Amino acid sequence: MTTITLPNVVDRTTAGALVPLLDQALAPGKSVMVEGRDVARIGVAGLQLILSVQQTARARSVPLEIQPSAAMVGAAQVAGLSEAINWAGCSDDQ
C-alpha cells in the first residue's frame with residue numbers, strides 16, 4: 001500500500017503540489033492510503049483534491065482509504081460534502 005501524507009495545511013498551493021504525487025500513486029494494481037489525521041486546516045481546493053482522488057481511484061479500480069482529521073471532516077460538513085466523501089473510520093463509510 002502506498003501512503004500519501006497530507007501536510008498540516010491543505011490549501012490551493014499545497015493541493016496543487018500534491019496532484020502529480022497522487023496521480024502517480026493511483027496507478028492500477030496499487031492501493032493507496034491518504035493520511036490526513038494531522039491536517040489542521042483544509043480549504044476548498046483541498047476538498048476538491050480529495051473528491052478528485054476518490055473519483056480517480058474509483059475509475060482506475062484502485063483501493064483507496066482516506067484517514068481524515070477532525071478539521072477535514074468539519075470542512076466537508078461546512079461545504080456540504082459530508083455525503084460525497086468516503087472517510088475511513090467514520091460511521092457513514094460505505
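Mind telling me which of the residues 85, 4 ends up being assigned to a strand (DSSP E or B) and within 10 Å of the chain's Cα centre (by Cα)? Can you show your working first?
Details: 85 fails: assigned to a strand (DSSP E or B).
Sole residue among the options that is assigned to a strand (DSSP E or B) and within 10 Å of the chain's Cα centre (by Cα): 4.
Taking the stated definitions as given, is residue 39 of a type in the set (Val, Ile, Thr), at pLDDT 95 or above, surrounded by 12 or more Cβ atoms within 10 Å (Cβ to Cβ) and not in a strand (DSSP E or B)?
Numbers: of a type in the set (Val, Ile, Thr): yes; at pLDDT 95 or above: yes; surrounded by 12 or more Cβ atoms within 10 Å (Cβ to Cβ): yes; not in a strand (DSSP E or B): yes.
Yes: the conditions hold for residue 39.
Scan region 42-70 for residues that are in a strand (DSSP E or B) and of a type in the set (S, T, N, Q) and jot them down. First the steps, then the outcome.
We begin by selecting, within region 42-70, every residue in a strand (DSSP E or B); these are 42, 64-67.
Matches in region 42-70: 67 only.
Every residue in region 42-64 that is surrounded by fewer than 17 Cβ atoms within 10 Å (Cβ to Cβ) and over 21 Å from residue 81 (Cα atoms), please.
60, 61
Find the residue count for region 17-31, including only residues that are in contact with a Ser or Thr (Cβ under 7 Å, 6 or more places away or on another chain), loosely packed, with under 12 Cβ neighbours inside 10 Å and in a helix (DSSP H, G or I).
Count: 0.
The values are calculated or read from the model by the stated rules, or taken from the named source; none is laboratory data. From a predicted model like this one, the values you see are computed outputs, not experimental measurements. Heads up, the Cβs are rebuilt from the backbone with ideal geometry, glycines too, and the neighbour counts pull from every protein chain shown.
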